[in-house]
Amino acid sequence: MTEERGNSKEISFYEEKGRYKGVLAWLMSTDHKRIGIQYLGALLSFFAVGVSLGMIIRLSLVSPGWLFGAQTYDEIFTTHGIIMIFLFIIPGIPVAFGNFFLPIMIGARDVAFPRLNRFTWWLYLAGAAIVALSLFIHGEPPDTGWTFYAPYSIRTQANIALAVFGVFILGFSSILTGLNFVTTIHRLRAPGMTWFRIPVFVWTLYATGWVQMLATPVLAITLVFIILGRVFGVGFFDPSKGGDPILYEHLFWTYSHPAVYIMVLPAMGIISQIVPVFSREKLFGYKAVALSALGIAIVGYFVWGHHMFTSGMSDTARVIFSFITFLVAVPSGVKIFNWVATMYKGSITVNSPLLFALSFIFLFSIGGLTGLVIGSLAPNLHLHGTYFIVAHFHYVMFGGAGMAILAGLHYWFPKMFGKMYKERPAKIGWLILFIGFNLLYFSMFVLGYNGMPRRYFDYPPQYFTGHLVSTIGSWILAVGLLIIFGNLIRALFTGEKAPANPWGGRTLEWKIASPPPPENFKEIPVIKETLS
Amino acid sequence: MNTSRRINIIVLSATSFISILLLSFSLATSAWADEDNITGSLGIREMTGRYVPLDLTFQDETGKEVTSRDIFNKPTILTLVYYSCDHICPQMLEGLGVALDKLELAPKRDYDVLTVSFDERDTPEIAERVKRNYIGLIHHKMASEDSWRFLTANRDNIKMLTDAVGFHFQRHMHGFVHPAVLIILSPHGKITRYIYASKYAYGVAYPVTFSPFELKTALTDASQEKVFTGRASALLYCFPHEPKKQETFFSILSMAGTSMLFLLAAFFIYLVTTSKRFRGDRK
């Protein structure tokens, strides 16, 4: 490697010659950029599958029974959930953009453990393959919903054990990624890159890394109990054997609520990078934004009970969980105010990354504020298990994390692939997506408020209009996504060559060539000021 | 090379994590080997036609001492619960309150309602607090503070009362196992009828309900000292769902959790304290 460094100025990491050729040159690579690109490809493929399944769910809901029966419906929404949550949005930003940009942003040549990094990618592939296998081998695909609630997940005939095992492996991929990133940020910062000079995206990855390490083992142990219950009849969660299904819910949400922050924190990091660049301003309140990421990560551990207000808990516990849930809104609010304050009196250029970032702020705010509605006890008892919840978490997951992925994709696309996409189709795609998104999910707020329960295959006629609007919205949203990704894919082949710094960004990734050379920096830069 | 040392650390922590997992599983599996069995006398042995002793002493909500002689002078609905119960007792009392509200009879004039705790650790203050939850359910114009009384007693008196009415319960670690039943007494303290809570409706506001019509018949019969026997129906039991050794499982969970926390805390300290030694190590 060392002898090649002399000419690394000319070649990009795509052109680097290693020991392996073809597909193996990618699979065996320990280069954080190649791993990031591979993750990105896998994530977006699963995203496409998840979107298609979602479209089918929506289609079935305008005419229940026309496409398939209730059992198939259960299997499809379960698969939609498992793919979107465990294969797309939880690994999401850290493994794709984090892998690619974390080392570059702190001025390192790679992550701290490159081989471990490659191992997490293999684990991800293995986990994904096992989850896919559970859909196709004999027996039925999982039909429990992505939450695998006991005792149904222990009794159902479907292939739960296999799916759960796949998720278990994905969990280890996640833990090791977190470990790797945290170590990288501690160890490999360039000289002068002090804690309060690192870009906010790196801060959010740091907070996320700790959440991954602390929370994911809880999921692992819980899923193993499910497998033991199915295979050996151990009744941890089965009341007929003396177990406790509520315990499952506690353990599951002890992981799955922090997992929401695994998805959303790095999304906030991306927005914190994009907003200052397109406003030609420094990020307002850098320290507050950075520390609020840690704040969210810490407080996020103590709110899981709000998923279980109707499951049977003491009033004291419910009031406390409700109160802590409100506390999470504080650091989230800090971030939103700081992004808006950054734009204030800025010289704003409205490019597509900024549009996606702004729609993140807007949609995530709706998701967050409705989170307060369902986080308070009394409305929760009414809205629990309705479409209101479905709408809320789609606003947070898709409107939040999903939009941030699209924002990051448009922001970093020139850097990652060395090509420029066309701006006009990106903006048109964004607008159509934005309209479709709100039609699709806002009508779910109305449906849920009126009492439409989630996960149901069929419904009384008074909910038809809401479902119809929602389904039409899903078609518009799909058109938007097709335009956006069509534009990006076309850019891969016919796009103009991207300059090193098309947006005028100040962070380190914009100071190297597009796409970056094999080991990022010819010489490790020395940092003298905050870059974002 | 430092890489191999680091990999060692990772392998070590992974192994310890997995062994903690395995240990927990083997312990937890054995925790479930024996099931929780309820033995001995439990339930209702109907004592219709017999009398409740009139020399029992109770304490009312204000802490004042009252005897059964003072209390029994009208047809009476007697319920036996424990006040810290968060299982069926509150739902039974709520169901009773709703039924009483629909009753055509006037409280205090036509009948009395009496709830006695069989947990000797319950105090008049607790009884008063529990009373606040239910007294408001009855909206009859004759309803007053006294129309539903919540009493406590010492161990001996509890035993005499429950034996007299054939009410058999057991204390468990997290509460009691006991039947859910209304006992109707005549003005002279004769046991005239048992009305069982026999159905539990899931997912509704009042899971345990009583028929106001049945209550009215029972109270009218009791006022005439008429005894009703027969019609055996299924009986609901109130029990704490706390499988034996579940505590063991929780302690295994907390052990695994705590060791995970310590592991990560150690990792953090390691990262912070050795930071300078490693910086710039890699090229």
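Residue-wise test of (1) more than 14 Å from chain A (Cβ to nearest Cβ); (2) assigned to a helix (DSSP H, G or I); (3) among the basic types (Lys, Arg).
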{"position": "B:157", "(1), (2), (3)": "yes, yes, no"}
{"position": "B:199", "(1), (2), (3)": "yes, no, yes"}
{"position": "B:213", "(1), (2), (3)": "yes, yes, no"}
{"position": "B:227", "(1), (2), (3)": "yes, no, no"}
{"position": "B:252", "(1), (2), (3)": "no, yes, no"}
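Among the residues of the range A:406-423, those identified as open to solvent by 10 Å² or more (accessible area, probe 1.4 Å) and not acidic (Asp, Glu) are A:417, A:419, A:420, A:421, A:422.
Against the test of being within 24 Å of residue A:398 (Cβ to Cβ), assigned to a loop (DSSP other than H, G, I, E, B) and open to solvent by 10 Å² or more (accessible area, probe 1.4 Å), the options A:350, A:334, A:299 yield a single qualifying residue, A:350. Restricting A:58, A:109 to those that are over 28 Å from residue A:194 (Cβ atoms) and in contact with a Leu (Cβ under 9 Å, 6 or more places away or on another chain) reduces the list to A:58.
If you go through the range A:154-177 and keep only what is under 25 Å from residue A:236 (Cα atoms) and either open to solvent by 20 Å² or more (accessible area, probe 1.4 Å) or within 13 Å of chain B (Cβ to nearest Cβ) (or both), you end up with A:154, A:155, A:157, A:159, A:161, A:162, A:165, A:168, A:169, A:171, A:172, A:175. Which count do you get for residues in the range A:231-245 that are in a helix (DSSP H, G or I) and within 10 Å of another protein chain (Cβ to nearest Cβ)? Total meeting the criteria: 3.
Residue A:221: within 14 Å of chain B (Cβ to nearest Cβ), within 25 Å of residue A:170 (Cα to Cα) and open to solvent by 30 Å² or more (accessible area, probe 1.4 Å), yes or no? So residue A:221 does not fit the description; no. Evaluating residue B:271 against the criteria (1) open to solvent by less than 30 Å² (accessible area, probe 1.4 Å); (2) within 8 Å of chain A (Cβ to nearest Cβ); (3) under 46 Å from the mean Cα position of the chain (by Cα); (4) modelled with pLDDT of 75 or more leaves one unmet condition, (3).
Listed here are the residues, each with its yes/no results for (1) under 22 Å from residue B:57 (Cβ atoms); (2) of a type in the set (Val, Ile, Thr); (3) touching an Asp or Glu at 6+ places or on another chain (Cβ under 6 Å); (4) crowded, with 16+ Cβ neighbours inside 10 Å.
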position: B:150; (1), (2), (3), (4): yes, no, yes, yes
position: B:164; (1), (2), (3), (4): yes, no, no, yes
position: B:172; (1), (2), (3), (4): no, no, no, no
position: B:177; (1), (2), (3), (4): no, yes, no, yes
position: B:182; (1), (2), (3), (4): no, no, no, yes
position: B:187; (1), (2), (3), (4): yes, no, no, yes
position: B:197; (1), (2), (3), (4): no, no, no, yes
position: B:202; (1), (2), (3), (4): no, no, no, no
position: B:216; (1), (2), (3), (4): no, no, no, yes
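For the range B:153-181, filtering for residues that are touching a helix residue (DSSP H, G or I) at 6+ places or on another chain (Cβ under 9 Å) and either of a type in the set (Asp, Glu) or farther than 21 Å from residue B:46 by Cα (or both) leaves 2. Within the range A:356-380, the set of residues being open to solvent by 30 Å² or more (accessible area, probe 1.4 Å) and aromatic (Phe, Trp, Tyr) comprises A:362 only.
Taking the numbered list (1) part of a helix (DSSP H, G or I); (2) modelled with pLDDT under 95; (3) buried (at least 22 other Cβ atoms within 10 Å of the Cβ) in turn, residue A:180 passes all entries but (2). The residues of the range B:274-283 that are facing chain A (nearest Cβ under 8 Å) and either at pLDDT 95 or above or open to solvent by less than 50 Å² (accessible area, probe 1.4 Å) (or both), listed by number, are B:275, B:278. Just so you know, in the range B:257-266 the residues that are touching a residue at least 24 places away in the same chain (Cβ under 8 Å) and open to solvent by less than 60 Å² (accessible area, probe 1.4 Å) include one that is farthest from the other protein chains (Cβ to nearest Cβ), and it is B:259. For the range A:26-83, a tally of residues being open to solvent by 40 Å² or more (accessible area, probe 1.4 Å) and among the aromatic types (Phe, Trp, Tyr) returns 3. For the range A:120-134, filtered to residues that are crowded, with 17+ Cβ neighbours inside 10 Å and without any contact (Cβ under 8 Å) to a residue 60 or more places away in the chain, the residue that is nearest to the other protein chains (Cβ to nearest Cβ) is A:123. Pairs are defined by a Cβ separation below 8 Å, a sequence spacing of at least 6 or placement on different chains, a first member in the range B:111-138 that is assigned to a strand (DSSP E or B), and a second member that is among the basic types (Lys, Arg); the pairs so defined are B:111/B:74; B:112/B:74; B:112/B:149; B:113/B:149; B:114/B:149; B:115/B:149. Summed over the range A:246-289, residues that are out of contact with any Leu (no Cβ under 9 Å at 6 or more places or on another chain), more than 25 Å from residue A:88 (Cβ to Cβ) and in a helix (DSSP H, G or I) total 5.
Select, from A:272, A:279, A:292, the only residue that is surrounded by fewer than 22 Cβ atoms within 10 Å (Cβ to Cβ) and more than 14 Å from every other protein chain (Cβ to nearest Cβ).
It is A:279.
Would you call residue A:261 within 14 Å of chain B (Cβ to nearest Cβ), among the hydroxyl-bearing types (Ser, Thr, Tyr) and more than 30 Å from residue A:156 (Cα to Cα)?
No; evaluated as a whole, the condition is false for this residue.
Residue A:193 fulfils the conditions (1) within 29 Å of residue A:125 (Cα to Cα); (2) surrounded by 21 or more Cβ atoms within 10 Å (Cβ to Cβ); (3) not polar (S, T, N, Q) except for a single criterion, (1).
Only one entry in A:251, A:214 is within 19 Å of the chain's Cα centre (by Cα) and within 11 Å of chain B (Cβ to nearest Cβ), namely A:214. Residue count for the range A:69-119, restricted to those that are closer than 18 Å to residue A:206 by Cα, in a helix (DSSP H, G or I) and over 12 Å from the mean Cα position of the chain (by Cα): 10.
From the list A:474, A:470, A:443, A:532, the one residue that fits, being within 26 Å of residue A:397 (Cβ to Cβ), at pLDDT below 95 and buried (at least 17 other Cβ atoms within 10 Å of the Cβ), is A:532.
This table checks each residue for (1) small (Gly, Ala, Ser); (2) open to solvent by less than 40 Å² (accessible area, probe 1.4 Å); (3) in a loop (DSSP other than H, G, I, E, B).
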{"residue": "A:481", "(1), (2), (3)": "no, yes, no"}
{"residue": "A:484", "(1), (2), (3)": "no, yes, no"}
{"residue": "A:487", "(1), (2), (3)": "no, yes, no"}
{"residue": "A:493", "(1), (2), (3)": "no, no, no"}
{"residue": "A:515", "(1), (2), (3)": "no, yes, yes"}
{"residue": "A:521", "(1), (2), (3)": "no, yes, yes"}
{"residue": "A:524", "(1), (2), (3)": "no, no, yes"}
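When residue B:66 is tested against (1) under 26 Å from residue B:177 (Cβ atoms); (2) not in a helix (DSSP H, G or I), exactly one condition is not met: (1).
The values are calculated or read from the model by the stated rules, or taken from the named source; none is laboratory data. Keep in mind the model is a prediction, meaning the values are calculated, not measured. Note that each Cβ is placed from the backbone with ideal geometry, even for glycine, and that neighbours are counted across all protein chains shown. Ligands, DNA and RNA are excluded from the accessible area calculation, which covers all protein heavy atoms including side chains. Shrake-Rupley method; radii C 1.70, N 1.55, O 1.52, S 1.80 Å.
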